[in-house]
Structure formats: structure tokens, C-alpha cells
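Remarks on the structure that follows.
Every number here is computed from the coordinates shown, using simple stated rules; none is lab data. Only a predicted model underlies this, so the values are computations on that prediction, with no experimental measurement involved. Here the Cβ positions follow ideal geometry from the backbone for every residue, glycine too, while neighbour counts run over all protein chains shown.
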Amino acid sequence: MEQKLSINIGELESWSEIIRPQTGLFDLKLKEVWHYKDLLFMFVRRDFVATYKQTILGPLWFFIQPLLTTFTFMVVFGTIAGISTDGIPMMVFYMSGITLWNYFAECLNKTSTVFKDNANIFGKVYFPRLIMPLSIVVSNLVRLGIQMTLFVGVWGFYLLKGNALHPNLMLLLIPYLIFLMAVIGLGAGMLISALTTKYRDLIFLLSFGVQLLMYATPVIYSMNTLPAKYAWIIKANPLSAIIETFRYAFTGSGLFSWYALGYSSIAAFVLLILGTLVFNKVEKSFMDTV
């Protein structure tokens, strides 16, 4: 009688979450990620508040940082080095590259250290680990939105002054270009983050590598000014077409190619799939090595 009663009680038990020890490589648990969407937005709010909580100027740094970088580029590369801006006002030219580049660099840098930075949380609480890199990409969208407002304000000022700026229908691609930047930053960041759990040296090389990558991307120069024998190297970088298309949309100057943008799109999604698969595999055992 007692055995029958215990069986009936067991049959009535209902679990809200079942954690299984073994999952397949392609089991990304995307439905579970959606189920934890409230946690994602909580992390987004945490990142936004924590970054500038104890600063004097607070969110004003969102405006100050791109302005200081732009002025530095104008002096060093525009005035001293004399690098051509393809007839575009220097402030518009450099800020158009910096705005998208900053978003990519922030996504890549923060996602690349997500395992190391959040080891304490990962070791104590269960939630889909993909939530953390996704929250980084989304929280940086807030920063990008503020800096895009600044850039559009500067661009509009020079446009009204009658400068040689020719906005076109490619402006409709801006959301897609931002999406591609997010995908590349997320995919590359997850891939590097998975590797840094075992090879810590990559963390030290990361910031240096991001700086080098900026010079291999048309942020401070136009593709039109490159010698033909070097142009193919820059075109091989999937970020190049995104930056050039963004600049072309607002100014009408630079190179635009559907083929180049298609190449960037394919590279972005391949990188995202590869990064997600490696991240999904490593997150099951990273606590043993981090």
C-alpha cells in the first residue's frame, strides 16, 4: 500500500525545468533563450546602469568619446598625414566610420571575455548562456542609438550648409548594416570567448588585434584612395563593405557594391553559426578550465 501511494505521488509531480547532462552540438535551446528574455533585458539594464553609475558626466560620455576620437583623427590623419576624405567634410567622414566601428568593437571586446567576466554567475545560477552575449549586443545598441543621433546631427548641419553630401536610397539599408555589425561582433566574440577559456593569451592580444583590424577597415580612409594592389586585402575584410555602404548612404561618396555587401552578409552568418556552435560546446564544460 505504501509503495502504491509513493508511485501515485511521483506521478503527480510536475517540473517547470529539466536540466539534462548531455545535449547535442546543434541543440542551441533557442526556445529556452526566448523563455528567459526577461533576464536578457535585466542584464541590458544592468550593463547600462553599471557602466556610468559612479562617473561624474554619466551618459554624456556617449557623446564625448566619439567627438574626441573624431577630433583626434581630424588632426592626425586629416591635417598632419593629409589622408584624403574623398571630398567629404572631415568631421562627417571620420564620424561615419567611428560610429559603426565603436559598436562593433564594443560588442567584440565584451563578448570575447564573457566567460571570464561572468564565471561567478555561471557557476552558481543556471540560465541559457547565450543570454549573456546577446545582452551585450543589445545593451550596446543603446549606446549606438545615442551616437547615431550625434552623427545625424553633425551630418545634418553640414548638409544644410551646402556641403557636397548626397544622401540616397541606401539609407534604407542602415538597419541591416547595424544588424550585420552586431552579427559579426557576436559571432567573432563568442568564438574568441570559447577559445580564451583554454588559451588566456588571446585576452591580451584582443585589444591589440582590434586596433589592427580598424586599420584594415576603411574607417580613417576611403576605398577610393587605396592603390589597386592593396585594395583586395581590405575588400577581403567583411567589415569594409559595411562601413563603405554606411558612408555612401549618407554622403554619396565612396564605393558601393551589392556583391561586396552580399559577401559581408555570408561571412557574417557563417561566423555567427560557427561562433554559436563553439560557444554552445564550450559552455557545457568551461567551469573546469576558466
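Give, in nm to one decimal, the length gained when the segment between Leu172 and Ser257 is fully stretched (0.36 nm per residue of separation minus the Cα-Cα distance).
Values: separation 85, 0.36 × 85 = 30.60 nm, distance 1.50 nm.
Extra length available between Leu172 and Ser257 comes to 29.1 nm.
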### Task
Could you size up the charge dipole of segment 70-288 around its Cα centre, putting +1 on the beta carbon of Lys and Arg and -1 on that of Asp and Glu, and report it in debye to the nearest 20?
280
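Take the residue pairs Lys198/Lys235; Lys37/Lys198; Lys116/Lys281; Lys110/Lys281; Lys37/Lys281; Lys31/Lys110 and return only those whose Cα atoms are more than 26 Å apart. Each step should come with its number before you reach the end.
Working: Lys198/Lys235 32 Å; Lys37/Lys198 29 Å; Lys116/Lys281 16 Å; Lys110/Lys281 20 Å; Lys37/Lys281 22 Å; Lys31/Lys110 24 Å.
Going by Cα-Cα distance, Lys198/Lys235; Lys37/Lys198 fall outside the 26 Å limit.
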### Task
Could you let me know the centre-to-centre spacing of segment 185-252 and segment 69-101, using Cα atoms, in angstrom?
17
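So if we plug the beta-carbon distance of Leu274 and Gln211 into 1/(1 + (r/R0)^6) with R0 = 25 Å, what FRET efficiency do we get, rounded to 0.05?
With a Förster radius of 25 Å, E is 0.60.
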### Task
Go through 135-147, 210-222 and give me the packing order, highest mean Cβ count within 10 Å leading.
135-147, 210-222
### Query
Tell me, what ³J(HN,Hα) does each residue in segment 249-261 have, in order and in whole Hz, if you take phi through Karplus 6.51 cos²θ - 1.76 cosθ + 1.60 with θ = phi - 60° and put x for Gly and Pro?
4, 8, 10, x, 10, x, 9, 10, 8, 5, 5, 5, 5
## Note on the structure
Of every Cα-Cα pair in segment 70-288, the percentage lying beyond 23 Å is 49
